[in-house]
Every structure is written in structure tokens, then in C-alpha cells.
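Below is one structure, written out as C-alpha cells; the observations come after it.
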Amino acid sequence: MTSLRLVPAVRVLAHRAPGRAATVRQGELPPAKIRPWSEAPDPAELASLVPGRFPLAVEVLAGDAAEVKALLVAAYSAKPDEIAREVLGQIAVEFTGYRDLLRLTVAAEPGGPASDEVHLVARAEDGSACCLSLTAADRDAPTVSPAYLADVAAVLGEYVWLSNNDRLDVTVATETHGLGTAERVPAWWSSSATSARLLTELWDEEPPIALLDEVTLTGFRADFTRHNLDYARSGAWAAQLIDDYDVDDDPQPRFPGDRLVELLTAELLDGAAALAGGPGLVYGLGLPTEVARNEDGIVAVVLFAGPERVTAVAISAAV
């Protein structure tokens, strides 16, 4: 794992925990050697990171990831779901990796009382800064969309590195087929706009489309999850987050973010099925196949076909 991609992670958080609007803002502050934060800085120095708010007080945080996660989770009146909690935990890890970490208390208007918003400001040695803001929001949970699943895939890909340069790439696309039945999707698929857009990037010659029964789909989900965990664990080892281990050990060692990898893998597939509408059928290209580490990797498309729409999940993990 490398640095968490904060923008898609924060959007996933906002989707999963709609009780708060979650935003992240990048900025520049004086470098640590010029303006050390051995003592809390003047709140006004941080105003550029919280536009529209009025800084009142600053608290220097110790940098303990578990404590920061608890602070973030406590900002929600209703307990966030497991995906949101895991994202908050990984955001806490990311922020405590900076040189300095502050909590900024703000007012909504000049001279007003302190709000219950949470603003965390992290600063690197060179002065580059990041501010996470959890502000009030009164809205229903948003529906699943291709944009949301793209954010899920982006966060997942930040853990599943296949090499020093390549990581798991998942594209989700949906298209209305208007056939009135999922059974006719195989004949329609090759002429669809989604097929034309996705498949040229995956194969020189398109593989046949196959109906996936429940047993095959369940097996693929398990294999895909294991594939992602294996590569993410290897990345955690390379980053010296876990000790040496044997790939044949059972069970395999835990690593930071492992539960989030499991949850996001499931969310990708479950969300795609929900987008297609149901009840429906599931088809595969390049499937069924055993997902395992080998010289070829995995390249496949899963089609969730509903009565009126298809959602395609294109998986590129070739190494």
C-alpha cells in the first residue's frame, strides 16, 4: 500500500455515512523548520484550509491513529457502517503519517459559537498540508452509481499493487439494453457501446460470453477477494508494515487495511448487481477461471444483466 487516495476515499465515506459531508482540501503552510508547531499555532494561520469558516482554536494531536479514528467516528451521531469505519481508520493512518497533526475548531460565522464540525489539519515537513473536514449534512443516503463504484475501485486499487508500477484496475459501466429480459443479453452484448469501449482495452480477441451459475459466481468472488488480499498483503510487506511471512502459511498474516480490501471487493460486485436491477442473470467473459498468482494475472469482465440494464465490471490485473 502507498498513500491513500484521499479524494475518492472521502467520497466513499460521504456515500456510506451521509450524516456528515466529508471533504478534503490541499494547501500550503509555512514549512516546519520555519514555523514549528511545538506549540499550537494561531488559528488564523489555518484559515485558508477552511474557507467559509472562522477558526477559533487549535489543538495539537499526538498522532495516534486509533485515537484519531475514534475522534472521527465520534463525529457521527449515528454509528457509521463498517465500510465507513474502515475508511475512517485508514484516513486516520494517513493523517498520522504526516509530521504534524492538528484539530481546528471553527465557528460558522464571525463571533459565533464553536461548531461541532471536525477539521483535521496535517502538515508535511515542506509545508504541504491537507485538511479533512466533517461538516453537518442532512440528506438521505445516495443511491449506487457508476461514479461511486469508480471511487470504490480507486481506493481498492491503492492497496492492490501488482508491481512497482501497476495496480488493480477496475472499470464499471452501465448501459440500458431495452430487451425486457436478461436472457437476450449475450446476443446484444457484442454490439453494445459498453463492449466497444471496454473490451478493446482488455483483449485482442474477445473471449466467449458464458452464463455464470451461483456456484461459479460464488467461487469467483472468493478467488477475486483472495487475489486482492494476496497482493495487498505483499504490498504491506514491501512497505515494512508486516514481518516476513510464508505465502503457504494458513492462515495468512493480517495487515493494515485487510478488512477494507475485503469489504471494497464485495462492494464493487454487489454495487454493480444493484445498478443492473433485478432479478437478473450474471455472465462472464474470461470466466470462469481460477484467479491465482501467475504470469498472466487476471483479465475478465463480469456482466450483471437485469431486465432493462447491464452493468459491466471490467477487471484488469495482468502482470
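The values are calculated or read from the model by the stated rules, or taken from the named source; none is laboratory data. For clarity, every value in this text was computed on a predicted model and none was experimentally measured. We place every Cβ from the backbone using ideal geometry, glycine too, and count neighbours over all the protein chains shown.
Considering region 6-44, the residues that are buried (at least 16 other Cβ atoms within 10 Å of the Cβ) and of a type in the set (Lys, Arg) include one that is farthest from Asp138 (Cα to Cα), namely Arg25. A single member of Leu217, Leu198, Leu202 is touching a strand residue (DSSP E or B) at 6+ places or on another chain (Cβ under 9 Å), outside any helix (DSSP H, G or I), among the aliphatic types (A, V, I, L, M) and in contact (Cβ under 8 Å) with a residue 12 or more places away in the chain, and it is Leu202. Listed by first and then second residue, the pairs with beta-carbon distance under 6 Å, at least 6 apart or on different chains, first residue in region 220-242 and small (Gly, Ala, Ser), second part of a helix (DSSP H, G or I), are Ala232/Val261.
Against the conditions (1) modelled with pLDDT of 90 or more; (2) among the acidic types (Asp, Glu); (3) closer than 23 Å to Ser316 by Cα; (4) more than 25 Å from the chain's Cα centre (by Cα), Asp246 satisfies every one except (3). For region 125-136, the condition holds for at least one residue, the condition being that it is buried (at least 19 other Cβ atoms within 10 Å of the Cβ) and among the hydroxyl-bearing types (Ser, Thr, Tyr).
The single condition from (1) surrounded by fewer than 17 Cβ atoms within 10 Å (Cβ to Cβ); (2) at pLDDT 95 or above; (3) more than 19 Å from Asp223 (Cβ to Cβ) that Ala266 fails is (3).
So, Arg53, is that one touching a Leu at 6+ places or on another chain (Cβ under 6 Å), farther than 21 Å from Tyr159 by Cα, of a type in the set (Lys, Arg) and in contact (Cβ under 8 Å) with a residue 12 or more places away in the chain or not?
Details: touching a Leu at 6+ places or on another chain (Cβ under 6 Å): no; farther than 21 Å from Tyr159 by Cα: yes; of a type in the set (Lys, Arg): yes; in contact (Cβ under 8 Å) with a residue 12 or more places away in the chain: yes.
No; evaluated as a whole, the condition is false for this residue.
Take the residues in region 52-66 that are in a loop (DSSP other than H, G, I, E, B) and among the charged types (D, E, K, R), then tell me which one is nearest to Tyr98 (Cα to Cα). Ranking the qualifying residues of region 52-66, first place goes to Asp64. Kindly evaluate Glu86 against the criterion of being within 20 Å of Ala154 (Cα to Cα), surrounded by fewer than 17 Cβ atoms within 10 Å (Cβ to Cβ) and modelled with pLDDT of 95 or more. For Glu86, the condition - within 20 Å of Ala154 (Cα to Cα), surrounded by fewer than 17 Cβ atoms within 10 Å (Cβ to Cβ) and modelled with pLDDT of 95 or more - is not met.
When you go through Ala47, Ala147, Ala154 one by one, which is the residue that is buried (at least 16 other Cβ atoms within 10 Å of the Cβ) and not in a loop (DSSP other than H, G, I, E, B)?
Values: Ala47 fails: buried (at least 16 other Cβ atoms within 10 Å of the Cβ); Ala147 fails: buried (at least 16 other Cβ atoms within 10 Å of the Cβ).
Within the list Ala47, Ala147, Ala154, the selection yields Ala154.
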